[in-house]
Amino acid sequence: MEEIYNETRDFWNTKPCGSYMSSYKIYSYEFFQDFDTKFRLLYPYFDEILDVEQYRDKKVLLIGLGSGYELGQISQVTNKLVALDLSNETIELANKRKEVFNLTLKTVCASATDMPFEDNSFDALVSIGCLHHIPDIDLVVNELNRVLKKGATLNIMLYYKYSVRTLFGIYLKRLFLKEYKGLNYEDSIATAYDGVGNPYARLYSKKDVKKVFRGFKDFSFEIENFDSSDLLPRIGRLLPRNFYLKTIGKIMGLDLYFKAIKE
Ligand SMILES: C[S@@+](CC[C@H](N)C(=O)[O-])C[C@H]1O[C@@H](n2cnc3c(N)ncnc32)[C@H](O)[C@@H]1O
């Protein structure tokens, strides 16, 4: 496997995505409870987008697990969930969540570019905040076309190309923050989204999505999320997060959610 995938695995192994959000002991019941509560507060729109009821009794593939919010939600409605991640530490965390809450699901440590699954075996794919970390996105799309059944649904989030961050915030950060000194635009983007040392992140427009996700139809899009640190500090802190989420975040937010159907 290419070096970039090893770097990506090492990066998420050091601290599974989102695990910094809770100060409870990692792997504990309290950690998962606290993480889920904070996740819901931070992303108040998320449950509606996930729309977990649509996955009742379906065979769902989840790619990119982080601290496992989606995994916890989807496993409430189906016992045929398969959860895949490149990082073994992240898989370990998912296995702990599974044990602590007595969930029925299968975890798999592999790259989304080469999935150990049979052809036409899944009814749905959910992947939130993961596929933009994969340089060979075409390989992932090939794999999705192979493992998903005809009519299977996609529910995906990728970083949005035309956000306040990419058009404004990133330049502020590169000017004023020391961790951005010497980084080019691409590396600054990777740092701004996931922290220092994140090896790769690509931004997507709606047009990019339609071009890259060949073999899928009926695309629908939603833009969400906002980070006030992308505005000048004084302006940014003037208003509560919920105000930004409900206004500018819907037009120039950080995240591009989309749904589509396999042809
Ligand atoms: C930003 S986190 C998102 C996690 C979670 N979905 C959330 O919303 O919090 C990205 C996740 O994608 C995983 N990942 C990165 N590259 C991958 C690849 N090639 N195949 C599978 N998973 C990958 C990382 O290990 C990490 O757990």
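Counting beta carbons within 10 Å around each of 230, 187 and listing the fewest first gives the order 187, 230. Using only alpha-carbon positions in the chain, the gyration tensor eigenvalues give semi-axes of 28, 21, 19 Å once each is multiplied by 5 and square-rooted (largest first).
Among 145, 102, 242, the largest mean-square fluctuation in a Gaussian network model of the chain (Cα springs under 10 Å) belongs to 102. Sort region 1-140 into rounded, prolate or oblate with this rule: let a ≥ b ≥ c be the square roots of the eigenvalues of the Cα gyration tensor; rounded if a/c is under 1.5, and if a/c is not under 1.5, prolate when a/b is larger than b/c, oblate otherwise. Because a/c hits 1.5 or more and a/b fails to exceed b/c, region 1-140 counts as oblate. Its Cα centre serving as origin, region 2-262 has a Cβ charge dipole (Lys and Arg +1, Asp and Glu -1) of approximately 800 debye. Note on the chain: with a GNM built from Cα contacts shorter than 10 Å, the maximum mean-square fluctuation among 186, 89, 118 falls on 118. Of all beta bridges that DSSP places with both ends in the chain, some 40 percent have antiparallel geometry.
Centre-to-centre separation between the Cα atoms of region 157-235 and those of region 61-102: 26 Å. Counting lysine pairs in region 136-201 that sit 8 or more residues apart in sequence, or on different chains, and whose Cα atoms lie under 25 Å apart gives 4. Per-residue ellipticity at 222 nm from helix content only, as computed over the chain with -39500 (n - 2.57) for each DSSP H run of at least four residues, stands at -10000 deg cm²/dmol. Among 46, 168, 176, which one moves the most in a GNM of the chain with springs linking Cα atoms closer than 10 Å? In the Gaussian network model the winner is 176. Ordering 84, 105, 235 by the projection of their Cα atoms onto the charge dipole of the chain, which places +1 on the Cβ of Lys and Arg and -1 on the Cβ of Asp and Glu, puts 235 at the extreme positive end. Placing unit charges on the Cβ atoms of the charged side chains and taking the dipole of the chain about its Cα centre, the candidate lying farthest along the positive direction among 93, 6, 126 is 126. Taking the charge dipole of the chain about its Cα centre, with +1 at Lys and Arg Cβ atoms and -1 at Asp and Glu Cβ atoms, the residue from 257, 245, 23 reaching farthest to the positive side is 245.
Across the chain, the longest run free of exposed loop sites, meaning trypsin sites (Lys or Arg not before Pro) lying outside DSSP classes H, G, I, E and B with no more than 13 other Cβ atoms within 10 Å, spans 57-180. Of all aspartates and glutamates in the structure, those lying under 16 Å Cα to Cα from residue 217, and not within fewer than 8 positions of it along the same chain, are 123, 208, 263.
None of the figures in this text is laboratory data; all of them are computed from the coordinates on show. Just so you know, these numbers come straight off a predicted model, no measurement behind them. Please note: Cβ atoms are built from the backbone with ideal geometry, for glycine as well, and neighbour counts cover all protein chains shown.
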